[in-house]
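Computed from the coordinates by the stated procedures, all read-outs in this text should not be read as laboratory data. What you see is a predicted model; the values in this text were computed from it and never measured. Positions of Cβ are generated from backbone atoms using ideal geometry, with glycine treated the same way; all protein chains shown enter the neighbour counts.
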Amino acid sequence: MAHEAHADAVHAHWDTSIWPFVISFGILGLGVAFTFQFVYHSSFAAIIALGLGLPLILGGIAGWTSEAMGKGEGLSFASMGWFILAEAMIFLSCFAAYWAARLNAPDWPPAGSIELPKLIPVIMTITLVSSSLTIHKAEQYLHAGNRSGFVNWLLLTIVLGLAFLGMSGFEWAHLIGEGFTIKTNIFGTVFYSVTGLHGSHVLVGLAIFIAGLFPAIKGNLSPGFWRTAGLYWHFVDIIWFFVVSQVYFW
Amino acid sequence: MHKQRKLWAGFAALTGAGSAMAEKYIPTTDRVVDPAAGWDRLWGIVLEDITLLGIAFALLCAWLIWTYRRHPGNPESNPPVLSMGAVLGWSVIPAFIFMADDFYIAANGWNLWNMQREVPADRLEVKLESGMYSWDYTYPNGVQTQNELKVPAGKPVLLRMTSRDTIHNHYLPDFRIKEDSMPGRVTYLWFYPKKPGQHLVTCNEYCGVNHSYMSGKVIVLPPQEYQAWYVQEGDKLKKAAAPAEAAPAGAAPAAPADKAARSPDQNQKPV
Amino acid sequence: MSLKEWVFTTDHKRVGVLYLIGSVAAFIVAGIMALLMRVELTTLGPTLTANPTTYNVWLYAHGAVILLGFQIPALTGFAANYAIPLMIGAKDVAFPRVNAFSVWLFYMGVILALLTFVMPDPPDVLWTGYPPYSTITSGNTAFYTLTVLLIGFASIIAGVNFLTTIAYMRAPGMTWNKLNIFVWGTAGSFVMQLIYVPVLGTAVLLISFDKYLGTSFFDPTNGGDVLTYQNLFWFYSHPAVYVIFVPFFAIIMEIFATFAKNPIFNYKVAVYGGIWGIVLVSGEVWIHHLYVTGMPDWLRIGQMVTTLLISVPVGLMTISLIGTLYKGSITFESPMVYALGTFFLFLIGGLTGIPLAVTSLTVNLGETYYVVGHFHYVMALTGTLSIFAGVYYWFPKITGKMCNETWAKLGFLLNFIGANMIFWRMMEVGVREGLPRRYYDWAQFPQVADDQMFMTIGSVILALGFAITVLNWVFGAISGKKAGDNPWGSQSLEWTTVSPPPHGNWPTPPVVSEDWSPYAYGKRA
Ligand code: HEA
Ligand code: HEA
Ligand code: CUA
Ligand SMILES: [Cu+2]
């Protein structure tokens, strides 16, 4: 969520921003790329669409952040609660599909599954929880007006997030190497979909951090933005507990 | 070989995964009623009910429009001030009336529902597998028919249904009943053919290009005629199977084994 | 006034108008698909096309585009955007850029949906997209799922935006009980969107996974379950009908209040019992779309009761609606004519939902033309015509001009006649013959030939009415008479600013007093 509120004075002109428009076209590009790749089996066209879409999205996000950063009035934090409600429903629906399959299965795990490693998820959990603590710490520095402290702890958070994704990727590579893929059976389906969905949220969280990092380094600090970003990050962290307990240790 | 294993896994899923949530057992009763007649009766009741409500509200609204239109005698509105009692009265009383009506309809609906779901013990059981685009019936003695369900008059018929591809819906307009058939689950419906005659079977769930052409017939025969047909077809089947039995073991028995694995009536284990 | 200021606008009113243009365009496309279907159904066997898939693609486009591209965006996009900030006395929404983002995402979704007509293998999964068909068809299911995802995402961010706006940006003095009923209705509808849209999004996402990545969520041969999809789908798509219903009903209530010059009858009960009652129950009735799929009996019976109980909050809102006429002084300008006519259509539509709610009746009625008749009455007619009532109502505010009254009423008359010709007959055919819906051809039902012809004639009359309406707006916007700031004499805040309102809405932000009310009418006021 970007954060901003209406300008204070009544303008004779009409406010405009090209970034929402640009990002939307980028997203359309992603959709078109998906159809070219998977429906029309034309990787060439897909790459072109992707090549148009991704820069539009990234450029749009950069433009949007630099345009809006610092103009917020703190409503973004309140609205993040609503957004999190929606996000939570996405995970709930995925888990519902998982429970429906699992509770009706004659035996579990279904044939073809392999034993999931138990150590990596524990390390991953520790990493993610620490990153929640570090972003909290960063926010405290922000409130105290200590910019370099804030930036350092933010960087540490980003590193932890990246480490988490790295471990997840490593684990995926390992499992796929052993022949356990998303197509293997319903458990593979669920495992990769749910961890992938969660991973994509970690990615979005990191993207938000990085988008705010550069203005922050330049000295453009917006407490509203960081409070909101932090809230989102904590949410992603909490969801991970459900993923771990439902998928790895049940 | 690999493909076959997958097929068997599929059957395992059909019987195992499917049955857990599908009808594990079918409620059986000694009473024989005709749900189709019950349907007509309930439809009449509910239709009267909603017509009355509709007319009442429409008339009330029309009266208000007419009475309170702006005319020389009524140049300005004069909104009522609702007392606390009026507020409650205008919400609690209608709410109770609506609820009473709802429960009345629900009770009648549930009653009919029980008739539709409890199958008479004395019945003919036929298995149905639907596919794009046909209805394939299998009788207890193994006789198979396609798109034509022959049944005796005066005996309730139970269908246990599944599908080999997409979702279909076995709809019998004359018997006021339908139920989906789908892969991985077993569903059932029953109907009560009283008199000899022909009835339409039509597919009522979008299942693909030729959905609108997926139809069949229920042919209700006089009991003796049906019995004759049934025995005769059964004999044909036996004759066809006999040479196969004589043949080297292994190849032929696979078919009956396959049947057994999918038989619905063993220990109430559905298809 | 430059094009750039429109396309890149972040102003809620212009975003609202963009939503209106996009959704009316979607309505016309989907409506033309409906006409093609009607013509195809007129004669036995092939009429326009000999290929059933072509018909199925029309049906897909009709259902999906009209719901995702017209009804929901017209209500929670256009009407909410235009009216809410003005009604609560705010200068804009909480996040104007997010608002612009949501309208453009919506346009991208519509563009994807329209690509259906130019790309090979168009989607033929109908608006419900049930697997296994949607995962095995050679049609382009991806267009379906991506359209849903884009427009769904647009509604989620719009919901976040508007709930924040309503909660924090009301004018000083604007307490909860002074809000317009439309603001309440839209708030309820956005709460439902936030809870349920993600479920739909997940359902179609998993369809794409199954079809394109080889997962087996809905594949019973590999441990999945086909009904999981249907449960997820209807867990959203039933509440979706109330996402549509609550705001459009609230628009009718606004119009009743303005033209009867009366406050909403029993306002608090309509808000807390009616709107929020519906929101509360909306999530517990989805099984009524799965009555014939072999769900466990206790669910089918339990949700029959909850479905029937929906008539209680809806009935309370109905009483508030017609109670608003009591002791009023009613005038009959075009918005009021639409609103009044719509009420009768709603009675038919809502009450014909009652038999469908009864599980044991649905085993015959379900998936027949009876259902098609029911939902066209309640959604295609009540919904569309109340949206149009709203457009006529706010038209002077939006453009500063008036529409032609005579053409407006003529359009409505044609709509009313044509609509009843088609959809009443549909219900009859459904009950009398059990004619199933989603049939390219009715070869098994030769006896309905006359009915089909009759319905097609009705649909032409209906379409004529809509064409008149749309043209009337276009001419009104170009060359209508000048309207004052408050042509209908309404008390609500949106009429206190000039027409059309400037960016920022008011030169000085409004403050409302203790005894102000959006419905302060009549001798007491
Ligand atoms: C805006 C859209 C809208 C609205 C508001 C409704 C409202 C209702 N609908 Fe409808 N419905 C649809 C859109 C809508 N529906 C659509 C699109 C489908 C088909 C989807 C598809 O398959 O493609 C559908 C299908 C559908 C089905 C499934 C049929 C099937 O597929 O087999 C059912 C079953 O219960 C149902 C019931 C109801 C009920 C009980 C209401 C109630 O909310 C109605 C309540 C209103 C009243 C009752 C009238 C006013 C009240 C009074 C006058 C008070 C007194 C009344 C009583 C005490 C009864 N609807
Ligand atoms: C709000 C929703 C909505 C609306 C408004 C409509 C409107 C119409 N619908 Fe629709 N319909 C649905 C929602 C809606 N429908 C849904 C959800 C389904 C189920 C889909 C499924 O099964 O998957 C369905 C299915 C459906 C069927 C069932 C097909 C089948 O099951 O095989 C039929 C059949 O006749 C039909 C007909 C019509 C007709 C004739 C109209 C008419 O009202 C349309 C009239 C409108 C127009 C013709 C456009 C008019 C405008 C112009 C002509 C403007 C001219 C242009 C300028 C002046 C610039 N509809
Ligand atoms: Cu089989 Cu439709
Ligand atoms: Cu519903």
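Listing for the model above:
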quantity	calculated
Stretchable slack from B:K194 to B:V92, in nm (0.36 nm times residue separation minus alpha-carbon distance)	31.9 nm
Cα gyration tensor shape for region A:167-221, rounded if a/c is under 1.5, else prolate or oblate	prolate
Sequence of C:L206, B:L42 once ranked by neighbouring C-beta atoms within 10 Å, starting from the fewest	B:L42, C:L206
Assigned charges on the beta-carbon of Lys, Arg, Asp, Glu; region C:1-96 dipole about Cα centre (debye)	100
Value of [θ]222 nm, deg cm²/dmol, for chain A, DSSP H segments ≥ 4, -39500 (n - 2.57) each, nearest 500	-26500 deg cm²/dmol
Of A:I48, A:I176, A:I57, the one that fluctuates the most in a GNM where chain A has Cα springs shorter than 10 Å	A:I48
Approximate spin-label separation C:D297-B:D235, in nm, with each point projected 7 Å along Cα-to-Cβ	4.1
Most mobile of A:A138, A:A211, A:A49 in a GNM of chain A (Cα contacts under 10 Å)	A:A49
DSSP beta bridges in region B:123-244 [antiparallel fraction, %, rounded to 5]	70
Degrees separating the helix C:449-479 axis from the principal Cα axis of chain C, which is the longest one	30
Computed FRET value (nearest 0.05) for B:N74 with C:A477, which takes r as the C-beta separation and R₀ as 41 Å	0.75
Proxy reagent accessibility, fewest Cβ within 10 Å first, across C:E494, C:E5	C:E5, C:E494
Tensor-based shape of the protein assembly as shown (alpha-carbon gyration tensor, a/c under 1.5 rounded, otherwise prolate or oblate)	oblate
Nearest-ten-degree value, helix C:382-399 long axis tilted from longest Cα axis of chain C	30
Gain on full stretching of the segment that runs from C:N177 to C:A50 - 0.36 nm per residue minus C-alpha separation	39.9 nm
Cβ neighbours within 10 Å from other chains - mean over C:258-271	4
Share, in percent, of DSSP beta bridges within the protein assembly as shown that are antiparallel, nearest 5	65
Packing-based ranking, highest mean first, of A:212-219, B:106-113 given that Cβ atoms within 10 Å are counted	B:106-113, A:212-219
Quotient of C-alpha Rg and 2.2 N^0.38 Å, computed over region C:50-177	1.30
MRE, 222 nm, helices only [DSSP H, n ≥ 4, -39500 (n - 2.57), over chain C, to nearest 500]	-20500 deg cm²/dmol
Quotient of C-alpha Rg and 2.2 N^0.38 Å, computed over chain C	0.95
Shielding by partners - mean other protein chain Cβ count within 10 Å, residues of A:61-69	1
Residues B:Y104 and A:H234, FRET efficiency given R0 of 45 Å [Cβ-Cβ distance, rounded to 0.05]	0.35
Filter on A:K183/B:K178; B:K217/B:K239; B:K178/B:K238; A:K137/A:K218 - keep pairs with C-alpha separation over 23 Å	A:K183/B:K178; B:K217/B:K239; B:K178/B:K238
Antiparallel DSSP beta bridges within region B:73-180, as percent of all bridges there, nearest 5	65
Tail weight of P(r) past 31 Å, computed on alpha-carbon pairs of chain A, percent	36
Efficiency of FRET between C:T43 and B:N210 - r from beta-carbon atoms, R0 25 angstrom, step 0.05	0.85
Where labels lie 7 Å past Cα in the beta-carbon direction, separation of A:W99 and B:A153 in nm	5.2
Nearest-ten-degree value, helix C:311-323 long axis tilted from longest Cα axis of chain C	40
Rg(Cα)/(2.2 N^0.38 Å) for region C:226-271, N = residue count	1.72
Distance from region A:214-250 to region B:111-154 (C-alpha centre basis), Å	57
Averaged over B:84-93, number of beta-carbon atoms from partner chains that fall within 10 Å	3
Choice from A:W172, A:W14, A:W82 showing the highest fluctuation, given a GNM over chain A with Cα pairs closer than 10 Å	A:W14
Label-to-label distance, nm, for residues given as B:S83 and B:Q224 (7 Å Cα→Cβ offset)	8.0
